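The values are calculated or read from the model by the stated rules, or taken from the named source; none is laboratory data. Being a predicted model, the structure only gives us computed values, none of them experimental. Note: ideal-geometry Cβ built from the backbone for every residue, glycine included; neighbour counts use all protein chains shown. These accessible areas exclude ligands, DNA and RNA; they are computed on the full protein's heavy atoms, side chains included. Shrake-Rupley method; radii C 1.70, N 1.55, O 1.52, S 1.80 Å.
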Amino acid sequence: VAPALAARREGRFMPGVADIRVARPASPLPLLVETFGGPLSPLTDDVLQIDLIRELRLPVVLVSSSAVGAVARTLQAAAALERSGLRPAAVVLIGPDDEYAREQIGRRLGGAVVRCVRLPAGEWTPESVAAAAEASRPALWWVSTAVLNPQTFTG
């Protein structure tokens with residue numbers, strides 16, 4: 001379930017945007033913040049995740065499924081981000097490669113890097129996860145290049 005719902009069920013406090021911003025570690029290393037559900041999913045009872053994303057001022061990697069509906073689902077999330085002044089630096093589609101979806105999303109997002117990463121085959125074991133990660137290495141390189149070096153990225 002969503003973290004806000006999990007916190008409510010346990011009678012705990014769900015930190016808000018200011019709490020999370022203050023807890024941000026000071027480090028020269030890249031920071032990865034994973035959200036859940038989509039930019040318009042609740043962070044707390046009063047705040048959406050998009051408010052946190054905007055406040056952190058980090059490059060955005062939009063992650064979606066490559067399953068049927070990938071184009072519409074991804075473009076809807078990107079439109080929500082853009083209404084808040086955010087543009088994805090890259091898009092990652094999880095699942096089987098879908099060249100058509102990559103092309104359509106990239107074209108509609110101004111040439112954004114769009115890559116597919118594979119899920120582990122069969123049972124999720126350390127070996128199958130490692131194999132999927134290794135197979136996805138080229139795609140992840142493009143994504144990291146777009147995020148970490150956007151001024152030098154040539155696509």
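The table for this structure:
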{"quantity": "Helix 126-135 axis, angle to the chain major axis (alpha carbon atoms, nearest 10°)", "calculated": "60"}
{"quantity": "Per-selection Rg to Rh, the stretch 38-155 - Cα, Kirkwood hydrodynamic radius", "calculated": "0.99"}
{"quantity": "Computed [θ] at 222 nm, deg cm²/dmol, the chain (DSSP H ≥ 4; -39,500 (n - 2.57); rounded to nearest 500)", "calculated": "-12500 deg cm²/dmol"}
{"quantity": "Extension gain (nm, one decimal) between Glu10 and Ala132, 0.36 nm per residue minus Cα-Cα", "calculated": "40.4 nm"}
{"quantity": "Listed residues Ser128, Ser64, Ser41, most fluctuating in the chain (Gaussian network, C-alpha, under 10 Å)", "calculated": "Ser128"}
{"quantity": "Accessible carbon and sulfur surface of the stretch 54-141 relative to its total accessible area, %, 1.4 Å", "calculated": "57"}
{"quantity": "Distance between modelled label sites at Ala79 and Trp142, nm, 7 Å Cα→Cβ extension", "calculated": "2.5"}
{"quantity": "Mean separation of Cα contacts under 8 Å (6+ apart) over length of the chain, as relative contact order %", "calculated": "16"}
{"quantity": "Whole-Hz couplings from phi, Karplus 6.51/-1.76/1.60, listed for the stretch 105-119; x for Gly and Pro", "calculated": "5, x, 5, 7, 9, x, x, 4, 5, 10, 9, 9, 10, 7, 8"}
{"quantity": "Candidates per GluC sites (Glu not before Pro) in the stretch 5-73, loop by DSSP, up to 10 other Cβ within 10 Å", "calculated": "Glu10, Glu34"}
{"quantity": "Candidates per trypsin sites (Lys or Arg not before Pro) in the stretch 41-120, loop by DSSP, up to 12 other Cβ within 10 Å", "calculated": "Arg57"}
{"quantity": "Per residue accessible area in Å² of the stretch 7-155, where ligands, DNA and RNA are left out and the probe is 1.4 Å", "calculated": "64"}
{"quantity": "Separation of the Val47 and Val33 label points, Cα + 7 Å toward Cβ, nm", "calculated": "0.9"}
{"quantity": "The chain: antiparallel DSSP beta bridges as a percent of all, rounded to 5", "calculated": "10"}
